[in-house]
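Notes for the one structure printed next.
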Amino acid sequence: MSIDFGYTTNPGYIDLVVGAFKAIKWHYRFDNWENYSFPQTFIQDFSKYYRFPYEEILSTIYLVIGFTLVRYLFEVFFCKRLLAILKIDKKSDREKFPESLWKTIIYTCFWFYTCYLLTFKYDYFKYPANLFDGWLNETQVPFDIKIIYLTEASFYIHSIYATIFMDAWRKDFVVMLVHHFVTVTLLVGSYGLRFHRFGVLVLFFHDVNDLLLEFTKCNVYLKERNGKFYTFHETISLIGFGTFTITWYS
């Protein structure tokens, strides 16, 4: 059974919604699922196609440890001296600033690397239809994509530890933990099932939001220093939150 989903190379939002609805309706028709038993069939299919080699798991563990050690050294040897120079007034801001600065640096590196991949190595951003070209579940993950995948997965696993033991306490503690667990699941799942092409595109869009958010928070913490109010940081923070909102909903 086949159906015309009405896909085009560059669909509009209405085309996307209508085509997705038709595709879901076609895929979940009764005759396609009458022999499907959840969760047994799902587990069998997942076990059949999922691959995450032992050496890559080991590399991920090493990277998690590395992120944690570098974060500790960054705060102890760099941020303490920087805070002494900046003289941030509020104690809560002094506690939160190193975390946001760390994340700003990390997300900047992540985002510029995905920019490099999608600008010079792959054309998935310019031609999204190419995401499907030659795709097979047996497809090997290119080394340059493997780098960003394992690094980001490691960072978010580290972030689970950091949220519990390193970050300043916040009201959204539980929400952040859930966010990190879901992110790790999506990264590890899409990598093992060879949906890495889609994953790189998703990382490109999401990392820039995290970058803007953390950079903006840094400027919020820098507004009041040494008994003075800095309108420059106030302006930057307002522009940052506005830009973050636009990119998030775009």
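The values are calculated or read from the model by the stated rules, or taken from the named source; none is laboratory data. Being a predicted model, the structure only gives us computed values, none of them experimental. Using ideal geometry, Cβ is built from the backbone for each residue, glycine included, and neighbour counts are taken over all protein chains shown. For accessibility, only protein heavy atoms count, side chains too; no ligands or nucleic acids. Shrake-Rupley method; radii C 1.70, N 1.55, O 1.52, S 1.80 Å.
Filtered by the rule that a residue be within 28 Å of Tyr124 (Cβ to Cβ), among the charged types (D, E, K, R) and surrounded by 10 or more Cβ atoms within 10 Å (Cβ to Cβ), segment 9-61 gives Asp15, Lys22, Lys25, Asp45, Arg51, Glu56.
Looking only at residues in segment 19-59 that are more than 14 Å from Gly189 (Cα to Cα) and of a type in the set (Val, Ile, Thr), the one that is modelled with the highest pLDDT is Thr41. Within segment 98-117, not a single residue is open to solvent by 30 Å² or more (accessible area, probe 1.4 Å), hydroxyl-bearing (Ser, Thr, Tyr) and modelled with pLDDT under 95. Looking at segment 222-245, is at least one residue under 17 Å from Trp102 (Cβ atoms), among the hydroxyl-bearing types (Ser, Thr, Tyr) and modelled with pLDDT of 95 or more? There is no residue in segment 222-245 that is under 17 Å from Trp102 (Cβ atoms), among the hydroxyl-bearing types (Ser, Thr, Tyr) and modelled with pLDDT of 95 or more.
Condition check ((1) more than 25 Å from Pro98 (Cα to Cα); (2) free of Cβ contacts under 8 Å to residues at least 60 places away in the same chain; (3) outside any helix (DSSP H, G or I); (4) not β-branched (Val, Ile, Thr)) across all residues:
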| position | (1), (2), (3), (4) |
| --- | --- |
| Ile147 | yes, yes, no, no |
| Glu152 | no, yes, no, yes |
| Ile157 | no, no, no, no |
| Ala162 | no, no, no, yes |
| Val174 | no, yes, no, no |
| Phe181 | no, yes, no, yes |
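Going through segment 210-250 one residue at a time, which ones are surrounded by 19 or more Cβ atoms within 10 Å (Cβ to Cβ), among the polar types (S, T, N, Q) and in contact (Cβ under 8 Å) with a residue 24 or more places away in the chain? The one that is surrounded by 19 or more Cβ atoms within 10 Å (Cβ to Cβ), among the polar types (S, T, N, Q) and in contact (Cβ under 8 Å) with a residue 24 or more places away in the chain: Thr216.
Candidates Glu75, Glu95: the one that is open to solvent by less than 60 Å² (accessible area, probe 1.4 Å) and either assigned to a helix (DSSP H, G or I) or touching a residue at least 40 places away in the same chain (Cβ under 8 Å) (or both) is Glu75. If we scan segment 143-151, do we find a residue that is in contact with an Asp or Glu (Cβ under 8 Å, 6 or more places away or on another chain), of a type in the set (Ser, Thr, Tyr) and surrounded by 14 or more Cβ atoms within 10 Å (Cβ to Cβ)? No.
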